[in-house]
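S.K.: Below you will find the structure I want to go over with you.
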Amino acid sequence: MLESNKDSLKLEAMKRVVGLIAKGKNASELFPAVVKNVASKNIELKKLVYVYLVRYAEEQQDLALLSISTFQRALKDPNQFIRGSALRVLSSIRVPIIVPIMMLAIKEAAADLSPYVRKTSAHAIQKLYSMDPDQKEQLIEVIEKLLKDKSTLVAGSVVMAFEEVCPDRIDLIHKNYRKLCNLLVDVEEWGQVVIISMLTRYARTQFTSPWKEGAMFDENNEKAFYDSDSEEKKDQTEAQPYIMDPDHRLLLRNTKPLLQSRNTAVVMSVAQLYWHLAPKHEVNIVTKSLVRLLRSHREVQYIVLQNIATMSIQRKGMFEPFMKSFYVRSTDATHIKTLKLEILTNLANEANISTILREFQTYVKSQDKAFAAATIQAIGRCATNISEVTDTCLNGLVLLLSNRDETVVAESVVVIKKLLQTQPTQHSEIIKHMAKLFDNITVSMARASILWLMGEYCERVPKIAPDVLRKMAKTFTAEEDIVKLQTVNLAAKLYLTNSKQTKLLTHYDIRDRTRFIRQLIVPNEKSGALNKYARRILLAPKPAPVLESAFKDRDRYQLGTLSHSLNTKATGYLELSDWPAVAPDQSVRNVEVIEPVRNPDTLLIISGSESEEESSEESDKTSSDSGKSSSGSEKSSSESEPEQKKKKKMTKAPQKKSKPTANLCLLRFIPVFPMSLQVTTPSFGPVKTYELLHHMTGKGLSAKYHFSRQPCLYQPSMVAVQVILTNSSDHSLEEIHIGDRSPASLNIHCFNTIERLEPEASVTVSMGIDFSDSTQAANFQFQASFFIRPSVVHLFHYTFSLTALILCLQIFIITAPLRVSFSCVHLFAGRTVSSRALVLVSLELKESSTALLTINTEKSVMASMLLRDLKQALAQA
Amino acid sequence: MILQQQISVELNMRNSPSDPPCQSALFKGGHQNITFHQHVNPSQFIVWELLQDGPICRRLFSNSGNFWHTGTISCNIPELAAEMIHSLFLINHSGDIFLEKHWKSVISRSVCDYFFEAKEKAVDPENVSPVLQTPHHYLITIYRDKLFFLSVIQTEVPPLFVIEFLHRVADTIQDYFGECSESVIMDNVVTVYELLEEMLDNGFPLATESNVLKEMIRPPTILRSVVNTLTGGSNVGDTLPTGQLSNIPWRRAGVKYTNNEAYFDVIEEIDAILDKSGSTVFAEIQGVIEACVRLTGMPDLTLSFMNPRLLDDVSFHPCVRFKRWESERVLSFIPPDGNFTLMNYHVSSQNLVAIPVYVKQSITFFEMGPCGRLDITIGPKQTMGKTVEALMVTIHMPKAVLSANLTPTQGNYTYDLATKVLVWDIGKLNPQKLPNLRGSLSLQAGAPKPEDNPSLNIDLKIQQVAISGLKVSRLDMYGEKYKPFKGVKYLTKAGKFQVRT
């Protein structure tokens, strides 16, 4: 069928072949027939052939080479989807001979106009590297280039490639750190996980610890940082204030919204980031989100509970308010139950112990015996940790001894043994009780424990112990090793304390088996010296065992990792380094060449990580296909001579950058905005609000507006305006809508009529206004009606105008802000909203705080106004 | 990351495929020329195998009379490269592997044996640990709809990343074919395979948004399969889905409907544990807003609540603008097309949770004779004036309970002998005549009396009310001119509602 002329028949055949592959059957003998179809026009057939190729190419390398030329051709296809998938398949064919071809393809794709293709090339890097590690150096170059990519699509994949190829080349991240932080929210969810985990490692090497205030602790002694809150507070007051690196803060701030993600992996990775990086008092914000994840699938619960278990050891307070969320249900899987139990035990303190113990009582009765046994151990741990309840627990456990179930009894015995050991006070009653039960207990561990207890405290129960020993002697041969050992122990101890009653017995049963002890205790002449010490050896006070959590040592591993889950180091696990004692140079992350941030004259420098010199170099390389844009730059008027060259670079770049469409950004010229780092994404930063309509003039209706600085949803040529309408009157306003407008040609996208606005209520509506790049005011009317008395409707007309002058500065919604800095020249490029005219601004800093400001644009009116406002703004600053 | 360490790849040489290996060695990863020196008997087969959890390279030589003393095999030994997800196996309830997909070199299905071992041990499939370690790999498994999705991992990766992805795979299959079961997957094996191919590239998730996938691989419909057979068209799109590129990947461009509608279901689940006496040990409300939006163009919706303060902890579909929520407590979003989960929320635990029903129960097992008695009555408590529907009680009986002889005053009951689950399906709760189930349980003769009473799991539904009192106040649409049909429905359900006895 594969040889057939009809596509449908071929397709049918290929489907069967893929079916075979899916079932794990061998279909390799069909290789020659399948490979022929690689150039098929039918896209589905082609895809199936790809699936086949990727599966079998490794085994049939020679034949697979036949298909390579098809892919090479497809790499030049105008359709980005085809280019992308060709690269995907090409890089998936694990045939060593084509490594150079792949390398070439990756390099080309990394400079592709389509972010989708660039993303594919990032994936291909990893594939090539795993096939031929010798290419590392060349691949790192490509990674370096792709890291600078501003598309959110690429970011996740390239960081993934970075993690795989050169996780130690932290220097590549510096320049991109801020950009990655700012893009993070918009990256697809899987990329977020990878980026967050990379940034966690990065931050641990680049910032100083927010935990140790002052030099009170030795840096290596990390344990000390986890100490209780009270101690921490003390530190804070004593030590000199710790100032967090703004970049550190940026990371924390930008990851916080991701706690609300629906993807559990993202939430977990943010949680671990906070755990490892945030100051102690800020970690608490992750709690709620983690508890939320417990509602998810069983497997998710398992992992999250493991992590919570580790966290709760160090910081009880974090999860204590949510204690009830960890209550066990009878339908939970056993490993979930055990983990919940673990957490409850960790959370136990004086205040809540009674509640927890009451809860534990229910669990002990569980039908799941493994779980019941775990509960008993948990009770034991609570009892040792909180001394107030030790007696209560002990009594409870003794009651359990009469339980019908063997495992429960056995576990209780073992735990009681441990508890008694920690509290060697008078507990002879319990020991007597246990001796009575001894006959009924069959689990060897429990029997051994009782025997041990007898021996250890035989002075307190002088009458019972020999009886028990007598019983044991009879059944000795049938017992398990551990019980035998303890019997011998008991006999020896008894001999020393109570030799009269036990002498016979001892000789009777231990003779051959325990030569050592016999020598020790049978008082023959030779071993007289030893005998002296026998008592000391056997009855030496034993150190009490420490009952502690199994999760105690898991904090070695980074939370949320596979290694943490397995509690062993997984292959490829990267250690999270300790905080550096001294922060490495912060300026490495700065994108500018010079760093005049604190110089008031140069307030215009936007320390956004959006732009860097390299991007212009990059654009140089792609200049061949940006002919259109360079002609655009020639149009711009009044170019100043020395800057011509630089300008050309700038104008090319927007052309290139406008393709991704992803991140429409604004350039901020206005100095009222603080010098914040998060300028790049439109959603950040304060927004200046202007009054449109005062409530006095508006008869109760007041309106304020601000420019949301986001691309307008309605039409690209419009400026998005957000109007906040507030009803400050005492009656509700109805039917608020926009009425007449002037000039009539003005293109406004009105908001939908607001049917009713209650008193004191406010509503935010968004409008789109096309100012046609002019500075003329937009006049329009608000119409609102309200009832003073029913049936009488007053119509009011409010007329006002948006002051376009203020607007003028803001019209610059720049499709791709680009700034190039050469020592002290700063260049900005942007486009106007509706006519897409280029606006170029250059600012040259001179000595003695003067600057030369040049604005180039074809809109001369705009240029002069912009110049004036900028000058004003600069002067103010 | 590649580890330049020696990995234990075995080279086995056998005289015939069935013979035991006579020589093995360790090799470094990467491209290797392996020279061998071996005396070979004439007219015999010699099999070379490089093993790493199964053969990775196999050469068969037929000697046909020649003496082979030395030779070289050129082969590529896999490195320990970190792709997040290496392979995926789908395993049914009875332990058959019915589908396998490898995103890199092939891993023998023998790797699943470790999993089967763990499964044997755990008895109940729910109890199998999701993360397992084998000598060379790590196995991460999810159990859903009676199927195991087993992924093979080679290096460090956040386990939740894999788990979340596997659940997405299951969700996508569910979304495409209506259910996620072995028969459905096998019927559509090619489509599933294509989907897996698109969802993961080199072990890293590529496209997991349902609408992006649907543009690339169209879900099967009867009409389309007829059309395709006639015209020779295909189910596979040839252009890059628009969503893949934009920064709103969840919505495709150019959506058109004749009837524009947006419906929201506010569904709340009560999680509660009640103790023997009927008092609440623990109770909380988890809510979810499911949306079904069929709107033309690029609508921008704003959903606001009467009482947003009730919401304590929320998680959103990526479309929701978090900033607006932070500042104004409204949900502002450009919705995906079709059905999706808009948000999940948790109602703050400070608020008292209304428990809609009370349960009077007594389950006793007698010391004498192999029998016990059961008596359960359910009545309404705080139902907000609505009727409780679809009431159902599920009891996991102790293993010793052989059979149940009960009489319900309403509804009917079943007792599954194999799983020991008693299900009493009541239906509507009539406050005038409370449903009651009583009768005797017979125990296995000779077995000790179960010392613990089983707990009761209760299911119920209350239409037209969200038990937390959450109300949607309005839905506004911007960006498009038409008027859509809007609707909000409320529903309260029992989540993990358990009564201890």
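A short reminder: the numbers here are calculations on the coordinates, not readings from a lab. No experiment lies behind these values; they were computed from the predicted model shown. Reconstructed Cβ throughout: ideal geometry from the backbone, glycine too, with neighbour counts over all protein chains shown.
S.K.: Is there a quick way to get the dipole size of segment B:299-436? I mean about its Cα centre, with the Cβ of Lys and Arg at +1 and of Asp and Glu at -1; what is the value in debye to the nearest 20?
M.R.: Once rounded to the nearest 20, the dipole reads 300 debye.
S.K.: Okay, moving on. Calculate the dipole size of segment B:357-463 relative to its Cα centre from +1 charges on Lys and Arg beta carbons and -1 charges on Asp and Glu beta carbons; express the result in debye to the nearest 20.
M.R.: Magnitude of the dipole: close to 300 debye.
S.K.: Now, a different point. Quick check: pseudo-label points 7 Å beyond the Cα along Cα→Cβ at A:Ser762 and A:Lys471, how many nm apart are they?
M.R.: So the two model labels end up 8.1 nm from each other.
S.K.: Now for a separate question. When A:Lys36, B:Lys214, A:Lys25 are ordered from fewest to most other Cβ atoms inside 10 Å of their Cβ, what list results?
M.R.: A:Lys25, A:Lys36, B:Lys214
S.K.: Residue farthest toward the positive end of the dipole of segment B:357-463, with Cβ of Lys/Arg at +1 and Asp/Glu at -1: which of B:Pro398, B:Leu434, B:Phe365?
M.R.: Farthest along the dipole direction, towards plus: B:Leu434.
S.K.: Over segment B:85-208, what relative contact order in percent results from Cα pairs under 8 Å that are six or more residues apart?
M.R.: About 27 percent, as a whole number.
S.K.: Could you list A:Ile106, A:Ile97 so that the one with the fewest beta carbons within 10 Å of its beta carbon is first and the one with the most is last?
M.R.: By the 10 Å Cβ count, ascending, the order reads A:Ile97, A:Ile106.
S.K.: Whose amide H sits under 5 Å from the amide H of B:Leu206, counting only residues 5 or more places off or on another chain, with H placed in the peptide plane?
M.R.: B:Leu200, B:Asp201
S.K.: Using θ = phi - 60° and the Karplus form 6.51 cos²θ - 1.76 cosθ + 1.60, what ³J(HN,Hα) does each residue of segment B:118-127 get, whole Hz, x for Gly and Pro?
M.R.: 5, 5, 3, 5, 7, 6, 7, x, 5, 8
S.K.: Subtracting the Cα-Cα distance from 0.36 nm times the residue separation, let me have the gained length for B:Asp145 to B:Leu417 in nm, one decimal.
M.R.: 95.8 nm
S.K.: Determine, from the Cβ-Cβ distance of B:Lys386 and A:Thr850 and an R0 of 60 Å, the FRET efficiency 1/(1 + (r/R0)^6), rounded to the nearest 0.05.
M.R.: That gives a FRET efficiency of 0.20.
S.K.: Charges on Cβ only, +1 for Lys and Arg, -1 for Asp and Glu, centred on the Cα centroid of segment B:357-463; of B:Leu374, B:Gly385, B:Leu460, which one is farthest towards the dipole's positive end?
M.R.: B:Gly385
S.K.: With a/c under 1.5 counting as rounded, go ahead and sort segment B:121-172 into rounded, prolate or oblate using the C-alpha gyration tensor (a ≥ b ≥ c being the square roots of the eigenvalues; past the cut-off, prolate if a/b is larger than b/c, else oblate).
M.R.: oblate
S.K.: How big is the charge dipole of segment A:34-146 about its Cα centre, in debye rounded to the nearest 20, if each Lys and Arg gets +1 on its Cβ and each Asp and Glu gets -1 on its Cβ?
M.R.: 480 debye
S.K.: Still on this structure, I have one more. Taking the Cα-to-Cβ direction at A:Asn5 and at B:Ser403 and moving 7 Å from each Cα, how far apart do the two end points lie in nm?
M.R.: 7.1 nm
S.K.: Same structure again: Karplus couplings for segment A:88-102 from phi (6.51 cos²θ - 1.76 cosθ + 1.60, θ = phi - 60°), rounded to Hz, Gly and Pro as x?
M.R.: 4, 6, 4, 6, 7, 7, 8, 10, x, 5, 8, 3, x, 4, 4
S.K.: Give me the extension gain from A:Gln72 to A:Asn747: residue separation times 0.36 nm, minus the current Cα-Cα distance, reported in nm with one decimal.
M.R.: Value of the extension gain: 238.1 nm.
S.K.: Near the amide H of B:Ile334, under 5 Å away, which other amide H atoms are found, from residues 5 or more places off or on another chain, if H is placed in the peptide plane?
M.R.: The answer is B:Leu301.
S.K.: Taking amide H positions as placed 1.01 Å from N in the peptide plane, with prolines and chain starts having none, which residues 5 or more places from A:Asn747, or on another chain, fall under 5 Å of its amide H?
M.R.: A:Asp770
S.K.: With a ≥ b ≥ c the root eigenvalues of the C-alpha gyration tensor of segment B:421-501, is it rounded (a/c under 1.5), prolate (a/b larger than b/c) or oblate?
M.R.: It comes out prolate by the Cα gyration axes.
S.K.: Given A:Lys6/B:Lys101; B:Lys386/B:Lys433; A:Lys6/A:Lys47; B:Lys399/B:Lys433; A:Lys365/B:Lys146; B:Lys121/B:Lys493, which pairs have Cα atoms separated by over 25 Å?
M.R.: A:Lys6/B:Lys101; B:Lys399/B:Lys433; A:Lys365/B:Lys146; B:Lys121/B:Lys493
S.K.: Distance between the C-alpha centers of segment A:1-59 and segment A:313-353? Whole Å please.
M.R.: Answer, in whole Å: 54.
S.K.: What does the structure give for A:157-164 when I average, per residue, the other chain Cβ atoms found within 10 Å of the residue Cβ?
M.R.: Rounded to a whole number, the mean comes out at 3.
S.K.: With Cβ to Cβ distances under 12 Å as the rule, what net charge do the other residues near A:Leu48 carry (K, R +1; D, E -1)?
M.R.: So the surrounding residues net to +1.
S.K.: Next question. Explain nothing, just compute: Karplus ³J(HN,Hα) = 6.51 cos²θ - 1.76 cosθ + 1.60, θ = phi - 60°, for every residue of segment A:137-152 in order, whole Hz, x for Gly and Pro.
M.R.: 4, 5, 5, 4, 4, 5, 4, 4, 5, 5, 4, 7, 4, 9, 7, 5
S.K.: Ranked by Cβ crowding within 10 angstrom, fewest neighbours first, how are A:Trp190, B:Trp325 ordered?
M.R.: Least crowded to most crowded, the residues run B:Trp325, A:Trp190.
S.K.: Would you give the gap between the C-alpha center of segment A:365-380 and the C-alpha center of segment B:366-391, rounded to a whole Å?
M.R.: 28 Å
S.K.: Turning to a different aspect of this structure: Using a basic spin-label model with each label point 7 Å from the Cα along Cα→Cβ, how many nm lie between B:Ser362 and A:Arg169?
M.R.: Result: 7.7 nm between the two label points.
S.K.: Between B:Val288 and A:Glu108, what's the calculated FRET efficiency when r is the beta-carbon distance and R0 is 51 Å? Round to 0.05.
M.R.: 0.65
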